[in-house]
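A quick write-up on the structure given underneath.
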Number of protein chains: 2
Amino acid sequence: MQQKVISVLSFFVLSSLLPQGIGNQPNIVLLFADDLGYGDLSYYGHPTSNTTNLDTLASQGLVFSQFYTASPVCSPSRAAILTGRLQTRTGVWPGVFVPPNKGGLPHNETTIAEMLKPLGYKSAIVGKWHLGVGENGNFLPTNHGFDYYMGIPYSHDMCPCPICFYPNAGCLSGCDRAYSPCPIFENDKIVQQPADFTHMALKYSGAATSFIKSNAASKTPFFLYMAFQHTHKPQFSGQEFVNSSIRGPFGDSLSELDWQVGEIMEALHESGVSDDTFVFFTADNGPSLHMGPHGGNGGLLRCGKGTTWEGGQREAAIAWWPNMISPGRTASLAATVDLLPTIAKITGATKPNVSLDGYDMSPILFHSKPGLREAYFYYPKNPDPSKGLYAVRNQQYKAHYYQEGSHCQNTYPDIVCRSNYSERAVDPPELYNLLNDPSEVYPIDGTSDEYKSVMAELNKLKDEFEKGMVWGESQMHAGSSSSLNPCASPGCTPFPSCCKTPPTEKWRNDLWHHTTSSHIP
Amino acid sequence: MQQKVISVLSFFVLSSLLPQGIGNQPNIVLLFADDLGYGDLSYYGHPTSNTTNLDTLASQGLVFSQFYTASPVCSPSRAAILTGRLQTRTGVWPGVFVPPNKGGLPHNETTIAEMLKPLGYKSAIVGKWHLGVGENGNFLPTNHGFDYYMGIPYSHDMCPCPICFYPNAGCLSGCDRAYSPCPIFENDKIVQQPADFTHMALKYSGAATSFIKSNAASKTPFFLYMAFQHTHKPQFSGQEFVNSSIRGPFGDSLSELDWQVGEIMEALHESGVSDDTFVFFTADNGPSLHMGPHGGNGGLLRCGKGTTWEGGQREAAIAWWPNMISPGRTASLAATVDLLPTIAKITGATKPNVSLDGYDMSPILFHSKPGLREAYFYYPKNPDPSKGLYAVRNQQYKAHYYQEGSHCQNTYPDIVCRSNYSERAVDPPELYNLLNDPSEVYPIDGTSDEYKSVMAELNKLKDEFEKGMVWGESQMHAGSSSSLNPCASPGCTPFPSCCKTPPTEKWRNDLWHHTTSSHIP
């Protein structure tokens, strides 16, 4: 009974927080960048990036400085943001999916899209899925609660992509030619193969804005998951963004991402739904330091992608909702796994009845209060049940139990970041105070009382957490078959290089930006 | 004749740019922080700094991302900002002044204060002078064109300063006990010795705001040079700022600096002169990395104070002038030595008839155009005519000819930053592209055509610059005498530790904030 009273009270408190219109069901727009470092946006201190739309979003929104992704690499990070559960639970480990994988995000997992469906939401994902394709595309987004999908279902360096910049410039980084040419899916059908990178951002923005406009017109609440291919390698951009940045190809790619953000925000404003939309921007993991000057930058954080140093997992993050979220900054701890519980709270959706790893961020977002999260648990790119956590943070303290360099040139000054810095146990663990040493360069003296008392607490926290972790069966170990390489022309030879959309199928290259597709729910 | 026509035209162009009031002579407020890293402000990406007033200044002003100080250490940097001339010309080399030094900024140098005097400006410096005291205080600011001075005339670790935090917390970093206790001067008189650090920010702000208000009231144009003791070691703060930051003592010190900025900005607004005031914020050099977690942070820039890596000399910088300077960001190259020519331009002052190292920044500030500066020349903390420049930047390229670690713990991960990384020639020079590699971690291949053609140009530029450099006689070599240690009670024993203001002289501890001193011109 008491619980019921609290629920009713919560409903009124919640209702009083929510804006009018669309039956108190705000739209959700999740903007998710790829391999973007903490230091890559001008708002986070990059000197030569050009990100005016993200700067505007940041100046009007709440800017997080201690926001974490669930993994330092792509697929597990994406599984976590959509399910609110760590990759070790969902089975999206170790590493990332490649096109011929048989596995994918298990169907018994509940995505944000599935959680919102009973409330009448329409959901779309535009861009990079990277949670499996599988036989007959059974792991594609349309089989995970999304009403619409357009995009390449994995990283665009996992398919030959020879032309990255207008008009015909080759890519700066090698693509894996063992797989089929990059496909663009619309729902479960390949509509372009090989993908045309020089018009991709335009296509993606067109799909996203059409989705926004059509739902706004029909007063249907919606969830848009905009999973940019930018700024992952190989960087690419359309004609308008070639040399648009003084930062080179990475900067051009980032500027095009920023333009896409601007297109989406404009669509929200033009459709009259901006006041009813919760927008959240962040990225899947830290910068690819092995790309050198063509890669991202972790700012003041140590190392980058693939590591459990802060540079691998702490990200720029911006929450935006006019009249609901006050502009400003927060140093509250929060994480991508907190988005599902937060979205459940603000929409009134029922959370999936499983072990969730996230906390509702409402206190931070709507009340300028500290968040509920006090700890964070770092699994490496390749989690291993016999090793468990690589690092644990509790409040200001972070202990490293294992370390491993990754995705970094072997001439990089900081040797612990380098790809050739192999995995090793750190015994005794290294302890850092991230509030006064965010760069993790001044370990706390292992003989100090502070070290001893803090480590006792962190060790206990680690043990408890690991005891409670139920590892999902590894989807990466489900095997693979080259026949699963997505192919627009099944049965062609030599497979998979022959996979192409027929030349007669004219791609609507320049239409997306100006029309509303009838395919979009 | 042609020149005259251009001058007249320039006058009209300039006049049309300037706001009404105070005879088109805008006030100048120069906010100069101490040992603050590029990455220390929240606006430049620090996760746990609390700098709301500086954030506001930044959001309303023009934020520089490639702004340089003249030196990676204090005195030479301060000589340069006030004279528009590199330290090698003014003789403020090598290193920095200590209290017993006989030398100081030569009197034949023209400071901004002296340049503005013929126009009727009143000038004040509040805070750290660090350009010499000398016999009978002959190098103090009041002998360099300033009508008013209040502050410690050097770094506050150059004098015993046992109490740094309210109520009686010892300092985190050692102070040099060979010198006399920290003195606070008012003009050429010591008014407090030892200085009370727990009320210092209040005193400084009081002096600064009183100066603003009294000049605004008398409609006198003014130049305020606010040279914060913050955030140099040992960090300190008053009662209100102890534990005000989650970043620890450095954060508390920075928050107090930020509060001082707020006080000054409020005084400008309250006095009705904010529209007529050009405000510029920057810092003297990069962070003291030897302070570990209690020091500053260079953000994504390499190394810190004392080095010619970017972390030593590139600084946060914000230009603010309502209706004159459009809010935004600029990646234009600019430097502290550009301030004197810029201030000459906007006030109509006559520039001193000497070799200046700066450029008028008007195109950047008022026309959103690229600046005139294309190159920057890096002298080390201890310049040596036999070695010359340590590094040269031209447009995007920077070549290192010498390198030296400094002011950095010897366990710091990046060995080239460490204090024990001794000075060495870099032959062949290392070349970086700072636009796509601001962190200077990806040297350009020395065998590439790019390297060869760029280095040919940089070598030529370096030779030409060094040929044109006329080295001023070293003021640091002018000798020293322990009798020059500033003393409030001359003749006392044991000198200099006996130097104290008499207990009968009651210091106006809490008056500054609320009253206008009659001493202030």
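The values are calculated or read from the model by the stated rules, or taken from the named source; none is laboratory data. Fair warning: this is a prediction, and the values are worked out from it, not measured in the lab. Heads up, the Cβs are rebuilt from the backbone with ideal geometry, glycines too, and the neighbour counts pull from every protein chain shown.
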Has the stretch B:57-67 got at least one residue that is away from every other protein chain (no Cβ under 14 Å) and either polar (S, T, N, Q) or in contact (Cβ under 8 Å) with a residue 40 or more places away in the chain (or both)?
no
Qualifying position, being within 14 Å of chain B (Cβ to nearest Cβ) and at negative phi, among A:Gln229, A:Gln239, A:Gln235:
A:Gln235
Return only the number of the condition from (1) among the polar types (S, T, N, Q); (2) under 19 Å from B:Phe250 (Cβ atoms); (3) crowded, with 24+ Cβ neighbours inside 10 Å that B:Ser180 does not satisfy.
(2)
Checked against (1) farther than 27 Å from A:Leu82 by Cα; (2) out of contact with any Gly (no Cβ under 7 Å at 6 or more places or on another chain), A:Met200 satisfies every condition except (1)
Of the residues in the stretch B:210-234, those that are part of a helix (DSSP H, G or I) and within 13 Å of B:Thr277 (Cβ to Cβ) number 5
Of the residues A:Ala349, A:Ala316, A:Ala335, which is within 21 Å of A:Gly95 (Cβ to Cβ) and touching a residue at least 40 places away in the same chain (Cβ under 8 Å)?
A:Ala335
Restricting to the stretch B:411-435, and then to whatever is part of a loop (DSSP other than H, G, I, E, B) and without any contact (Cβ under 8 Å) to a residue 24 or more places away in the chain, can you tell me which residue is farthest from B:Arg393 (Cα to Cα)?
B:Thr411
Residue satisfying all of: in the stretch B:92-141; assigned to a loop (DSSP other than H, G, I, E, B) and of a type in the set (Gly, Ala, Ser); surrounded by the fewest Cβ atoms within 10 Å (Cβ to Cβ) among these
B:Gly120
The condition of being hydroxyl-bearing (Ser, Thr, Tyr), touching a residue at least 24 places away in the same chain (Cβ under 8 Å) and in contact with a Ser or Thr (Cβ under 6 Å, 6 or more places away or on another chain) holds, among B:Tyr166, B:Tyr148, only for B:Tyr166
Odd one out for B:Gly262 among (1) buried (at least 24 other Cβ atoms within 10 Å of the Cβ); (2) within 19 Å of the chain's Cα centre (by Cα); (3) in contact (Cβ under 8 Å) with a residue 40 or more places away in the chain:
(1)
Could we say that A:Ala335 is within 14 Å of another protein chain (Cβ to nearest Cβ), of a type in the set (Gly, Ala, Ser) and within 16 Å of the chain's Cα centre (by Cα) here?
no
For the stretch B:24-49, give me each residue that is within 14 Å of chain A (Cβ to nearest Cβ), touching a residue at least 60 places away in the same chain (Cβ under 8 Å) and not in a loop (DSSP other than H, G, I, E, B).
B:Tyr43, B:Tyr44
The stretch B:361-392, residues that are among the acidic types (Asp, Glu) and surrounded by 20 or more Cβ atoms within 10 Å (Cβ to Cβ)
none
Give A:Gly292, A:Gly286, A:Gly312 a once-over and let me know the one that is within 14 Å of chain B (Cβ to nearest Cβ) and crowded, with 24+ Cβ neighbours inside 10 Å.
A:Gly286
Do we have any residue at all in the stretch B:454-467 that's surrounded by 14 or more Cβ atoms within 10 Å (Cβ to Cβ), under 28 Å from the mean Cα position of the chain (by Cα), of a type in the set (Phe, Trp, Tyr) and at pLDDT 95 or above?
yes
Looking at this structure, is B:Ser255 over 20 Å from the mean Cα position of the chain (by Cα), under 21 Å from B:Asp157 (Cβ atoms) and either touching a residue at least 12 places away in the same chain (Cβ under 8 Å) or in a helix (DSSP H, G or I) (or both)?
no
Within the stretch B:197-234, can you find the residues that are within 30 Å of B:Pro293 (Cα to Cα) and among the hydrophobic types (A, V, I, L, M, F, W, C)?
B:Phe197, B:Met200, B:Ala201, B:Leu202, B:Met226, B:Ala227, B:Phe228
Taking the residues in the stretch B:345-376 that are touching a Lys or Arg at 6+ places or on another chain (Cβ under 8 Å) and not in a loop (DSSP other than H, G, I, E, B) as candidates, determine which candidate is farthest from B:Leu86 (Cα to Cα).
B:Pro363
Within the stretch B:344-369, can you find the residues that are under 17 Å from B:Pro26 (Cβ atoms) and under 16 Å from the mean Cα position of the chain (by Cα)?
none
Any idea which of (1) aliphatic (A, V, I, L, M); (2) under 26 Å from the mean Cα position of the chain (by Cα); (3) farther than 23 Å from A:Ala334 by Cβ is the one A:Ala425 doesn't satisfy?
(2)
Looking at the structure I just gave you, is B:Ser419 surrounded by 15 or more Cβ atoms within 10 Å (Cβ to Cβ), more than 14 Å from chain A (Cβ to nearest Cβ) and under 22 Å from B:Ser77 (Cβ atoms)?
yes
(1) farther than 28 Å from B:Gly292 by Cα; (2) within 13 Å of chain A (Cβ to nearest Cβ); (3) over 24 Å from the mean Cα position of the chain (by Cα) all hold for B:Asp437 apart from (1)
Any residue that is hydroxyl-bearing (Ser, Thr, Tyr), assigned to a strand (DSSP E or B) and closer than 30 Å to A:Leu119 by Cβ - is there at least one of those in the stretch A:337-344?
no
If only one of A:Gly104, A:Gly84, A:Gly127 is farther than 30 Å from A:Cys487 by Cβ and in the same structural domain as A:Phe185 (by TED's automatic domain parsing), which one is it?
A:Gly84
